[in-house]
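First comes the structure, then the notes that go with it.
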Amino acid sequence: NGQRDRIYDHATLRLKADAPVPNGVCLALVDYFSHPVSRTDASVATQLPSYFSVDSYQHTEDLTLVGGADSFSYGDIITGNVSGVSGKVYGTKADGTLQIIDLISAPVANGLPTGVPEKASNLHFVITDHINHLNTVSLAVKTASVTGVTNLQIAYVNIPEHEGLSRNYSLRDVVDYRPRRQDGDIWKANSTIENVVVPLDCESFNMDQYPGAVPSYTMNAYMGRIDSVYIDKFRKIKRKQGITATYPVPPVIKEREGMAVFQVMLPPYTFSHSHVLVRPIKNRRYTVKDIGKIDERVKLLEYYVALNSLERAAKDRPILDGDGLDRFKNGILTDNFNE
């Protein structure tokens, strides 16, 4: 797919060694993520992309607008007066389609967002929306009508991975500053890439200096948890939830609550059910016959423990000869005289 550890290169299509050479024209249908051009850098008088993160794949839509599409620019927060959905303008395509990211649900009053916005799933603009953007500096209101909505949300689990040289990288868990190869650039005779598009946020850094660049960000971290599954006196299966912590401990199931049967260990941000560890708790049910065998083994154990104690006491007891030296013990006979 063209991805490298340090760059987005062109994808390639290669014929397998044992495959026959096709005689006709080959048609390749490719699904790919576009690198939209959206941010303007005045110093170079061009538009450059930003970095990629999990939000580059999720909470995105394309809006087909009537009236005012060209007036919106990167960073504008638009709100639909019907759906109550707000989003940030990421860019505008050549056909006038507006690219929207970071969809949120916002209370709306008079067509403008009010109150505290919240992120949620299944957020979409609707065709009947009339979108507005209020410029807080000039107090000018930009408006347009939505005539088409293309949902581009990618399920979190379907965000791809990059197969690196030393390890695989989940693109949902990284801030991706890799530059991309310019569209239309072809390999030269010396096998070098002539044109590279570097993300605007890091264009001042040389590629060799990337490892030394220190980004600053705020993040929320998940913690693990251990739950206990138990059976109560009414033979109902119940779960007692533990407390999330860096080093979680399972909750205690008291006798009056029931009998614990499982401990369920949930790792921080449980991505898949396969990551959940279930540990059974051994609760052996003893019969009268089992108890009789245990009683016999305990009695036998008590006998040999007592016998061993007597033998050691006799061995360690000093028996002196006429010169006051401890006599050599050739053998020890013990009897507790209980019979």
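By how many nm would the segment from F271 to R14 grow when fully extended, if each residue of separation counts as 0.36 nm and the alpha-carbon distance is taken off?
89.1 nm
Using r as the Cβ-Cβ distance of R279 and D323, and R0 as 51 Å, what FRET efficiency do you calculate, to the nearest 0.05?
The formula returns an efficiency of 0.20 here.
Which entries of K88/K142; K254/K282; K236/K289; K233/K254; K233/K289 show an alpha-carbon separation above 23 angstrom in the structure shown?
K236/K289; K233/K289
Readers should treat all values here as calculations from the given coordinates under stated rules, not as data from a laboratory. Not measured: the values here are computed from a predicted model. Neighbour counts are summed over all protein chains in view; Cβ atoms, including those assigned to glycine, are modelled from backbone coordinates with ideal geometry.
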